[in-house]
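Participant: So that we are looking at the same thing, I have put the structure below in structure tokens.
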Amino acid sequence: MKKLPENYQIDDLDRSILRTLMEDARIPYAELAKRYKVSPATIHVRVEKMKRAGIIEGTRLQVNAKRLGYDVCCFIGITLKSAGDYPAAIEKLEKLEEVIEAYYTTGQYNVFIKIMTPSINELQHTLINRIQAIDEIQSTETLISLQQPINRDIQP
């Protein structure tokens, strides 16, 4: 299948399809077709084009971390010993299952990560024995999240 150019432009139908699939990725193409008054084949072609253009990167199941017992969410700003330590630090952080997001940033920190643990005790253990034990890390600052009042994807 031929890859579409990165500057592929979506139209209003594509945006509508994306919004609906973002709400429920399991909705049948036939239902989308009825909703938007086009054929199921049109929906299929549009979705495939957006996949080839890299707009749709896949579908995934969303899990409620709190229901799985992960009650503590925090963000950790990491200062590295030197800028050249970034690749090695990221490789080590990637191996820690508690680290669920990582960002290479400008400003006060070199790296900003999001971690989730079942408890404050587990957070302390992870921070001291797993994250701060990484040789390339000079220092950390931890911010504990009390709640997440906004959680949304970018709208097409």
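Participant: Express the relative contact order of the chain as a whole percentage, based on alpha carbon pairs under 8 Å and six or more residues apart in sequence.
Facilitator: 25 percent
Participant: Working from Cα positions, state the angle (0 to 90°, nearest 10) between the long axis of helix 40-52 and the longest principal axis of the chain.
Facilitator: 40 degrees
Participant: Consider the candidate values [x] 20.6, 59; [y] 18.0, 61; [z] 15.4, 50; state which one is Rg and Dmax of the Cα atoms in Å computed from the structure displayed.
Facilitator: It is the value labelled [x].
Participant: Can I get the semi-axes of segment 1-61's equivalent ellipsoid? Compute them from the C-alpha gyration tensor as square roots of 5 times the eigenvalues, in angstrom, largest first.
Facilitator: Three semi-axes, in Å: 18, 14, 10.
Participant: Additional query: Using the Karplus equation 6.51 cos²θ - 1.76 cosθ + 1.60 (θ = phi - 60°), what ³J(HN,Hα) coupling, rounded to whole Hz, does each residue of segment 135-144 give in order, writing x for Gly and Pro?
Facilitator: 3, 6, 8, 7, 7, 9, 9, 10, 10, 8
Participant: With runs of 4+ DSSP H residues as the only contributors, calculate the mean residue ellipticity of the chain at 222 nm using -39,500 (n - 2.57) per run, divided by the residue total and rounded to the nearest 500.
Facilitator: Helices in the chain give a 222 nm mean residue ellipticity of -9000 deg cm²/dmol.
Participant: Turning to a different aspect of this structure: Once the Cβ-Cβ distance between A41 and A65 is put in as r, and R0 is 35 Å, what FRET efficiency do you end up with, to the nearest 0.05?
Facilitator: Efficiency, rounded to the nearest 0.05: 0.35.
Participant: Continuing with this model, one more query. Which one, C73, N121, Q9, is farthest towards the positive end of the dipole of the chain when Lys and Arg carry +1 and Asp and Glu -1 on their Cβ?
Facilitator: About the Cα centre, the residue reaching furthest to the positive side is Q9.
Participant: Now for a different question. Cα convex hull of segment 66-145: mean projected area in nm², to one decimal?
Facilitator: The number I arrive at for segment 66-145 is 4.8 nm².
Every read-out reported here was derived from the displayed coordinates using simple, explicitly stated rules and does not represent laboratory data. Small disclaimer: the values here were computed from a predicted structure and weren't measured. Virtual Cβ from ideal backbone geometry, glycine too; neighbours counted across all protein chains shown.
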